[in-house]
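Heads up: the structure comes next, in structure tokens.
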């Protein structure tokens, strides 16, 4: 598992420090924000905070995340002279909030996809019901493989990513039953190409030239193969295009 460099937990009503608890498999939500550069900055911070607070309302958790709270946690911890490539995780349930920082693993550009029949509980939220997800991830090298969740023979999402399928240079994403992540929203809002929503059947994947994974931790990577169905990528045109788009944002 990840080497956590910093971790703290609090009772969020009064911010009393308590022993660290990652809060997995409790009723709550989490988000992962990429920390980069020298001096350090958090990618898509505004978007993460907005969606995190919207999710809190849906879960009926009486708390509101803010940049002030994050500054109190990390302002004096982070060194302005260090170049970062780390991930910050924020998790919250009905009583506790937890913060952690871990170094971002080296990510390969091309991944092997592994299909698994599983739909997360309440999948539209990045919720903490992650027991099955964590058990899947323990079985793979997450730097070069991704578990792709399916349901009723349709693609949903990766364990840590969203999925974009490419056919004739058009971008397709699943209709529903997955978390619509911040990186995917960035692509949808900034790519020159329209993103189409449709059910993507496993049996139809042979019609797609590219399958691309996007997320806060992995950034933009491509699936090179899905051995179970003998699918192999046939192009990298859109992958390169989306990588350039993402890099144009993070390299400022």
| message | I'd like to check something: does the range 150-158 contain any residue that is in the same structural domain as residue 242 (by TED's automatic domain parsing), over 16 Å from the mean Cα position of the chain (by Cα) and either over 22 Å from residue 229 (Cβ atoms) or outside any strand (DSSP E or B) (or both)? | response | yes
| message | Looking at the range 47-78 only, could you name the residues that are assigned to a helix (DSSP H, G or I) and either modelled with pLDDT of 95 or more or assigned by TED's automatic domain parsing to the domain that holds residue 185 (or both)? | response | 47, 48, 49, 50, 51, 52, 53, 54, 55, 56, 57, 58
| message | Condition check: assigned to a strand (DSSP E or B), in contact with a strand residue (DSSP E or B) (Cβ under 7 Å, 6 or more places away or on another chain), at pLDDT 95 or above and closer than 24 Å to residue 6 by Cα. Does residue 102 satisfy that? | response | no
| query | Among 110, 98, which is the only one that is over 16 Å from the mean Cα position of the chain (by Cα) and either without any contact (Cβ under 8 Å) to a residue 40 or more places away in the chain or within 24 Å of residue 60 (Cβ to Cβ) (or both)? | reply | 98
| request: Output the number of residues of the range 215-250 satisfying the condition of being farther than 23 Å from residue 31 by Cβ and in a loop (DSSP other than H, G, I, E, B). | output: 5
| field | Long-range neighbours under 7 Å by Cβ, at least six apart or interchain, first residue in contact (Cβ under 8 Å) with a residue 40 or more places away in the chain within the range 54-76, second surrounded by 11 or more Cβ atoms within 10 Å (Cβ to Cβ) and part of a helix (DSSP H, G or I) | value | 63/56
| query | Within the group 147, 36, 92, 97, which residue is at pLDDT below 95 and either surrounded by 12 or more Cβ atoms within 10 Å (Cβ to Cβ) or not in a loop (DSSP other than H, G, I, E, B) (or both)? | reply | 36
| Exclusive hit being without any contact (Cβ under 8 Å) to a residue 40 or more places away in the chain and farther than 26 Å from residue 36 by Cβ, set 205, 149 | 149
| Is there a residue being buried (at least 17 other Cβ atoms within 10 Å of the Cβ), in contact (Cβ under 8 Å) with a residue 60 or more places away in the chain, touching a strand residue (DSSP E or B) at 6+ places or on another chain (Cβ under 8 Å) and not in a loop (DSSP other than H, G, I, E, B) anywhere in the range 184-193? | no
| note | Given the conditions (1) surrounded by fewer than 18 Cβ atoms within 10 Å (Cβ to Cβ); (2) out of contact with any helix residue (DSSP H, G or I) (no Cβ under 9 Å at 6 or more places or on another chain), every one holds for residue 160 apart from (2)
| request: Examine the range 195-214 for a residue that is modelled with pLDDT under 95 and assigned to a loop (DSSP other than H, G, I, E, B), and state whether such a residue exists. | output: no
| task | Please enumerate the residues belonging to the range 12-33 that are over 22 Å from residue 130 (Cβ atoms) and either in contact with a strand residue (DSSP E or B) (Cβ under 7 Å, 6 or more places away or on another chain) or in a strand (DSSP E or B) (or both). | result | 16, 17
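The values are calculated or read from the model by the stated rules, or taken from the named source; none is laboratory data. All figures in this text were calculated on a predicted structure; none of them were measured in a lab. A quick note on method: Cβ atoms are made from the backbone with ideal geometry, for glycine too, and the neighbour counts reach across all protein chains shown.
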